[in-house]
1. Among (1) of a type in the set (Phe, Trp, Tyr); (2) crowded, with 19+ Cβ neighbours inside 10 Å; (3) within 20 Å of LYS318 (Cβ to Cβ), there is one condition TRP358 misses while meeting the rest; what is its number?
2. Output the qualifying pairs, or none if there are none: Cβ atoms under 6 angstrom, residues six or more apart or on different chains, first residue in region 280-307 and over 29 Å from HIS267 (Cα atoms), second residue outside any loop (DSSP other than H, G, I, E, B) and at pLDDT 85 or above.
3. Quickly run through region 296-310 and pick out the residues that are part of a loop (DSSP other than H, G, I, E, B) and either at pLDDT 85 or above or surrounded by fewer than 11 Cβ atoms within 10 Å (Cβ to Cβ) (or both).
4. Filter region 212-252 down to the residues that are of a type outside the set (Val, Ile, Thr) and touching a helix residue (DSSP H, G or I) at 6+ places or on another chain (Cβ under 6 Å), then identify the one that is nearest to SER58 (Cα to Cα).
5. Name the residue, out of TYR4, TYR32, TYR44, that is at pLDDT below 90 and either out of contact with any helix residue (DSSP H, G or I) (no Cβ under 9 Å at 6 or more places or on another chain) or not polar (S, T, N, Q) (or both).
6. Of all residues in region 112-164, count the ones that are closer than 17 Å to ASN342 by Cα and either charged (D, E, K, R) or in contact (Cβ under 8 Å) with a residue 40 or more places away in the chain (or both).
7. Just to verify a result, which residue in region 431-440, among those that are part of a helix (DSSP H, G or I) and out of contact with any Leu (no Cβ under 9 Å at 6 or more places or on another chain), is modelled with the highest pLDDT?
Amino acid sequence: MNVYDQYKTVNKKLICDEKIHFSEITGNRSDYHGQINTNRLLKYPKIGIYTGMGTSHSWLWFVEIFDRMGFYDLSFLTEANIRARSLDGLDVLAMSGGDTFAIAEGLGEKGAEKLERFIKNGGVYLGSCAGAYLPLNSSKKYLNLFNYVPVKIANLTNVLPAACGPIEKFCSSYGCSFIFHPVREDVRLTTSGLIPFIGVESLVAPLYGGPPMLTNDPSQILAKYTGFTDKTLFLIDRKIARDTLLGKAAVIRAKMGEGHLYLFGPHFEHPHFPVANKLLADAMYWDVKSSSPPKESIDRDEMNIQGCNIKDYLRDIKREISNSRIVNAGMETMPVHWTIGNKIYEPAKIRVFIEAIWLRIKILEKVEELTMRRGNDALLIQHASEITSLLREIKRHNNKGIDTLNIAKKLFKILNKTCSLFLDMYFRSKIHHFGQQNGA
């Protein structure tokens, strides 16, 4: 049984209120090298995924691995949701890659207060790449609202080394200094053997701008950068890359109040890396408290679509997404990219959003009932139609040599919103049946 099926089986038991201990998913250890007893009960977690201002396409990687593993109790949160009360009742918040400055600005002081309270009250924060940078100490505007973890980064400099790779992926400004990225793609990591990263001594994970971290507390370090692979793309001189990365912390677990922050330099949520995915899931299982506020039995904001109406509704979505796939396929050969904030976006990233919907439409076509938030049915169709229109507009303007940056900014906002609406429907529909079916 692969790791995804294994964890889906575990989650099916948890949602049916079966008792499972952490030791059962880590080789039945009752104790690991004298550490804390691992015989603690697991809980099926309520997870929030941040999809708001500053995020890139990589939040969909969290979606993909959670879907594979049977973590279906998902909420998709914008900056406005976090500033309100949407963290209340959640066990986990997943913050993906993107533009750290934009994320901090979007959340603002109110969002920082809500996030701090969430963690201190026992919440688990999973920060990957930009999400790892966010809670580190900083004096910069907006980022200084999130000084949760006194950890420094090793890739901050006043004088940039010479770039020898794609210049647009090489660095970003940080006040009068620069954050530079020594390499991209796969890197080798070695774990420290500390809970919850047990049973795995080494692994490979992809690095796309995440931090090498420096801490004075070795008990915080779950994994270090220890090598490169034949897939590693060097953006600077190899010696400088080695000096910047190797031996530095790649994953940190920090305690804050009753909760914990997991800061991942590499993308442990990338769906092509099952060992990293497993460790990320183990992190949630280990630090999610087994007791939490009870779930409401009825969501009065929900509505259902049943019978032949499901086919009609999904057909409308499928038509728009199919049109978007066709237009975007023609754009991927164009030599175009857009700089939005501190991030570079290409047409290939548009496809990630579109395919996240397209591949799941087929799954929903087999369900007996669609569940969604009331009013989202018409809004989802509207936004799906807007994607196609914006893609066609970008293609026309690009063919005429007209700048498309502003259209691209609008497009990626609509892509985020459309995916969030669709996936909210998808996971609401799945969790209603999870545990009652022979296969989910």
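The values are calculated or read from the model by the stated rules, or taken from the named source; none is laboratory data. A quick note: this is a predicted structure, and the numbers were derived from the prediction, not measured. Every residue, glycine as well, gets a Cβ built from its backbone with ideal geometry; the counts of neighbours run over all protein chains shown.
1. (2)
2. ASP301/ARG373; GLU302/THR371; ASN304/GLU369; ASN304/THR371; ILE305/TYR313; ILE305/LEU370; GLN306/GLU369
3. Quick first cut of region 296-310, residues part of a loop (DSSP other than H, G, I, E, B) only: 296-301, 307.
Answer for region 296-310, where residues must be part of a loop (DSSP other than H, G, I, E, B) and either at pLDDT 85 or above or surrounded by fewer than 11 Cβ atoms within 10 Å (Cβ to Cβ) (or both): GLU296, SER297, ILE298, ARG300, ASP301, GLY307.
4. Let us first name the residues in region 212-252 that are of a type outside the set (Val, Ile, Thr), namely 212-214, 216-220, 222-225, 227-228, 230-231, 233-235, 237-239, 241-243, 245-250.
Retained after the next criterion (residues that are touching a helix residue (DSSP H, G or I) at 6+ places or on another chain (Cβ under 6 Å)): 212, 225, 234.
Values: PRO212: 19, TYR225: 21, PHE234: 21 Å.
The selected residue is PRO212.
5. Working: TYR4 fails: at pLDDT below 90; TYR44 fails: at pLDDT below 90.
Exactly one of TYR4, TYR32, TYR44 is at pLDDT below 90 and either out of contact with any helix residue (DSSP H, G or I) (no Cβ under 9 Å at 6 or more places or on another chain) or not polar (S, T, N, Q) (or both), namely TYR32.
6. Count: 11.
7. Narrowing region 431-440 to residues part of a helix (DSSP H, G or I): 431-433.
Still in the list and also out of contact with any Leu (no Cβ under 9 Å at 6 or more places or on another chain): 432-433.
Values: HIS432: 77, HIS433: 74.
Result: HIS432.
One line per residue, one yes/no per condition, for (1) modelled with pLDDT of 90 or more; (2) farther than 29 Å from PHE101 by Cα; (3) out of contact with any helix residue (DSSP H, G or I) (no Cβ under 8 Å at 6 or more places or on another chain); (4) part of a loop (DSSP other than H, G, I, E, B):
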site	(1), (2), (3), (4)
VAL336	no, no, no, yes
ALA348	yes, no, yes, no
ILE357	yes, no, no, no
ALA378	yes, yes, yes, no
SER385	yes, yes, no, no
LEU421	yes, no, no, no
ASP424	yes, no, no, no
ARG428	yes, yes, yes, no
